[in-house]
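These notes concern the structure reproduced below.
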Amino acid sequence: MPDKRLDGATRGLPKLHVLDWVALGLLLAGCLCVAFGALPAADARATVTRLVPLLLFLGSVIILAELTAVAEVFDVVATRLSILGRGRYPLLFLLCVALAAVTTMGLNLDTTAVLLTPVLLALAAKLGVAALPLAMTTVWLANTASLLLPVSNLTNLLAADRVALAPAEFAAKMWAPQLAAIVVTAAFLWVFYWRGTESRPGYAVPERHQPTDGVLFRVAAVACALFVVGILVGVPIGIASSVAAGILVIAFVLRRRSALTPALLPWRLLVFVIGLFLVVETINRHGLADLVHAMMGDSDDAAGAARAAGTGALLSNLVNNLPAYVAGESVVPLENHNQLLALLVGTNVGPIVTPWASLATLLWYERCVANGIRVPMTRFLWTSAGLAITALTATVATLLLVG
């Protein structure tokens, strides 16, 4: 007879998602690379040391974003935007684009993919409008709106030392390319997903959303504002995100302790990043760097910038944008500032064609499936490819002309 105690214990174990297995598999592969000498231990230590500030930021900002969602900040903002839309689809479109872009730029792309996506999908159901246009708004802008600040994308954080710009200086350098990317993205969203809504009867304007706990709502809003202001004035991003998350955690300890669970810690994301970087560093040492250098060249002129952006976008869609940036950065000469920034554009704006091109896109797709939203993959691929080419061209051109 089967052991009922064993069966009960098995049922009590947490069920791992397929992405959990991917993350654990990558970490195991990375450790095996070190164990068997494919990656020297000194290089592995240097890689992990470089990741420590990034991991501190990533862990704390996800906690900040998750608790901000629990405090209903996103729900309140989304509902008020729909009220501001006054039942008109074109105005709702502009407001949704603005919300997704600001969330990506101010927090990061994973926040838009993981937390804003279900909020807008729920809003679509509440308003009785098609969900796909809102879903595409979040996934495209989660990537293409991630250029403005170092915190907007993990690739920006990886580039921080090489770019050598304070957050305000980084924003001053990237605001025009970022604007170009958002404008092109908005045009593609309207033409391929939102167009036709203007001919439909207007949606019913909802009532204002009242948060369950007004104190938690206000503390969460203030914590997010402090985080953004902190990074703009030069506070190290890991410290800014940790302080903001700490303020909100204390508020939840006092007001709603039940929301503070181990699930808040994004272990999968942290494990994925560590494993991915160990594996890519190994591959980079065994031939990838030579291939990437042949594709990118070493010129810092317009042609070199275009090749860097195209290579970054192509590699991102083949593997993932994080290893694509690391591989590209390793062959960019130290003095090639334009080429480095163009590579950054390619690995931020370009990873929108394949679902695995960025972790944000993978997480977005998972949320869509969980909410019962069918994403027509053929349409997704060809429209995303068109956007990637057009947005890259416009963004790199703006970077060279304005920067």
Quick one: what pairs do we get from the range 213-237, first residue surrounded by 18 or more Cβ atoms within 10 Å (Cβ to Cβ), second not in a helix (DSSP H, G or I), C-beta under 7 Å, 6+ apart or different chains? L216/A71; L216/R256; F217/A71; F217/E72; F217/P211; A220/A71; I231/L149
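I'm checking my understanding of the structure. Among residues of the range 185-235 that are in a loop (DSSP other than H, G, I, E, B) and of a type in the set (D, E, K, R), which one is nearest to A166 (Cα to Cα)?
D213
For the range 30-66: of the residues being small (G, A, S) and surrounded by 15 or more Cβ atoms within 10 Å (Cβ to Cβ), which is farthest from the chain's Cα centre (by Cα)?
A38
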Would a scan of the range 176-193 turn up a residue that is buried (at least 23 other Cβ atoms within 10 Å of the Cβ), touching a Pro at 6+ places or on another chain (Cβ under 8 Å), under 22 Å from T361 (Cβ atoms) and in contact (Cβ under 8 Å) with a residue 60 or more places away in the chain? yes
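Given the structure, is T347 at pLDDT 90 or above, of a type outside the set (A, V, I, L, M) and in a helix (DSSP H, G or I)?
In short, yes.
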So for the range 344-355 (the condition being surrounded by fewer than 17 Cβ atoms within 10 Å (Cβ to Cβ) and either over 21 Å from L107 (Cα atoms) or not hydroxyl-bearing (S, T, Y) (or both)), does at least one residue qualify? no
Quick check on V76: is it among the aliphatic types (A, V, I, L, M), surrounded by fewer than 20 Cβ atoms within 10 Å (Cβ to Cβ) and at pLDDT 85 or above? yes
For the structure I just gave you, tell me whether A327 is hydrophobic (A, V, I, L, M, F, W, C), part of a helix (DSSP H, G or I) and in contact (Cβ under 8 Å) with a residue 24 or more places away in the chain. yes
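Yes/no matrix, rows are residues, columns are (1) within 18 Å of the chain's Cα centre (by Cα); (2) under 23 Å from V18 (Cα atoms):
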site	(1), (2)
G350	yes, no
A360	yes, yes
L363	yes, yes
E366	yes, yes
L381	no, yes
Condition (residue is at pLDDT 85 or above, within 30 Å of D213 (Cβ to Cβ) and touching a helix residue (DSSP H, G or I) at 6+ places or on another chain (Cβ under 7 Å)) applied to the range 31-49: is it met by at least one residue? no
Qualifying position, being over 18 Å from T144 (Cα atoms), surrounded by fewer than 18 Cβ atoms within 10 Å (Cβ to Cβ) and touching a helix residue (DSSP H, G or I) at 6+ places or on another chain (Cβ under 8 Å), among V369, V326, V332, V375: V375
Checking T112 against (1) over 16 Å from the mean Cα position of the chain (by Cα); (2) within 19 Å of F188 (Cα to Cα); (3) touching a residue at least 60 places away in the same chain (Cβ under 8 Å), which single condition isn't satisfied? (1)
When you look at L56, is it under 16 Å from L154 (Cβ atoms), touching a residue at least 12 places away in the same chain (Cβ under 8 Å) and part of a helix (DSSP H, G or I), yes or no? yes
Going by what's in this entry, would A244 be described as under 29 Å from T361 (Cα atoms), surrounded by 20 or more Cβ atoms within 10 Å (Cβ to Cβ) and modelled with pLDDT of 85 or more? yes
Could you list, in sequence order, the residues of the range 296-316 that are more than 22 Å from V48 (Cα to Cα) and crowded, with 24+ Cβ neighbours inside 10 Å? M296, A305, A308, A309, T311, G312, A313, L315
Among the residues of the range 73-81, is there at least one that is in a helix (DSSP H, G or I), touching a residue at least 60 places away in the same chain (Cβ under 8 Å) and touching a Pro at 6+ places or on another chain (Cβ under 7 Å)? yes
Which members of the range 82-116 meet the condition of being in a helix (DSSP H, G or I) and either at pLDDT below 80 or at positive phi (or both)? D110, T111, V114, L115
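Condition (residue is under 19 Å from the mean Cα position of the chain (by Cα) and in contact (Cβ under 8 Å) with a residue 24 or more places away in the chain) applied to the range 87-98: is it met by at least one residue?
Taking every residue of the range 87-98 in turn, at least one turns out to be under 19 Å from the mean Cα position of the chain (by Cα) and in contact (Cβ under 8 Å) with a residue 24 or more places away in the chain.
Matching residues to (1) at pLDDT below 90; (2) in a helix (DSSP H, G or I); (3) among the hydrophobic types (A, V, I, L, M, F, W, C):
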site: L269; (1), (2), (3): yes, yes, yes
site: V279; (1), (2), (3): yes, yes, yes
site: H286; (1), (2), (3): yes, yes, no
site: A308; (1), (2), (3): no, yes, yes
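Say whether the condition of being surrounded by fewer than 16 Cβ atoms within 10 Å (Cβ to Cβ) and charged (D, E, K, R) is met by at least one residue in the range 265-283.
No, because not a single residue in the range 265-283 is surrounded by fewer than 16 Cβ atoms within 10 Å (Cβ to Cβ) and charged (D, E, K, R).
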What do you reckon, is L154 farther than 19 Å from E72 by Cα, crowded, with 24+ Cβ neighbours inside 10 Å, touching an Asp or Glu at 6+ places or on another chain (Cβ under 9 Å) and not acidic (D, E)? yes
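The values are calculated or read from the model by the stated rules, or taken from the named source; none is laboratory data. Quantities reported herein were computed from a predicted structural model and do not represent experimental measurements. Cβ: placed from backbone, ideal geometry, glycine included. Neighbour counts: every protein chain shown.
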